[in-house]
1. For region 8-53, what are the residues that are under 25 Å from E86 (Cβ atoms) and exposed (fewer than 10 other Cβ atoms within 10 Å of the Cβ)?
2. Looking at region 44-52, is at least one residue in a helix (DSSP H, G or I), of a type in the set (G, A, S), modelled with pLDDT under 90 and closer than 13 Å to G74 by Cβ?
3. Sort out which residues of region 56-87 are more than 17 Å from G14 (Cβ to Cβ), out of contact with any Ser or Thr (no Cβ under 8 Å at 6 or more places or on another chain) and not acidic (D, E), and write them in order of number.
4. Hey, could you check region 54-69 for residues that are of a type outside the set (A, V, I, L, M, F, W, C) and surrounded by 13 or more Cβ atoms within 10 Å (Cβ to Cβ) and say which is farthest from the chain's Cα centre (by Cα)?
5. Among the numbered criteria (1) without any contact (Cβ under 8 Å) to a residue 12 or more places away in the chain; (2) not in a helix (DSSP H, G or I), which one does L59 miss?
Amino acid sequence: MGVQILLWCIAIGGGIALLIGAFKTGRPVRTLLGSTLQGASALAAVNVTGMFTGVSIGLNALSGIACAALGVPGVITLLLLKLIFEI
């Protein structure tokens with residue numbers, strides 16, 4: 001129970017930090033939409049080239065949120081986690 005509360009606090013803090021950063025640019029919608037599109041494109045590129053490289057990321061709630069919220073760094077993080085944990 002305590003770990004779940006900690007993870008929720010981290011997620012909420014990260015979301016607030018993301019929104020603060022987006023609003024500081026002066027164009028929050030454009031920033032968030034651009035990040036989401038870049039993340040989705042990177043995820044699609046990884047999965048399309050997965051036929052040749054053998055590396056792909058399944059699309060589920062976690063990977064979708066990571067790619068939408070974090071963009072390309074989110075996809076890279078998912079790839080590193082897959083490499084580390086050999087999932």
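The values are calculated or read from the model by the stated rules, or taken from the named source; none is laboratory data. Keep in mind that this is a model prediction, so the values were computed, not measured. Every residue, glycine among them, receives a Cβ derived from its backbone with ideal geometry; neighbour counts consider all protein chains shown.
1. If the condition is that a residue be under 25 Å from E86 (Cβ atoms) and exposed (fewer than 10 other Cβ atoms within 10 Å of the Cβ), then M51, F52, T53 are the ones that fit.
2. No: zero hits.
3. Matches in region 56-87: S56, G58, L59, N60, L79, L80, K82, L83, I84, F85, I87.
4. S56
5. L59 satisfies every listed condition except (1).
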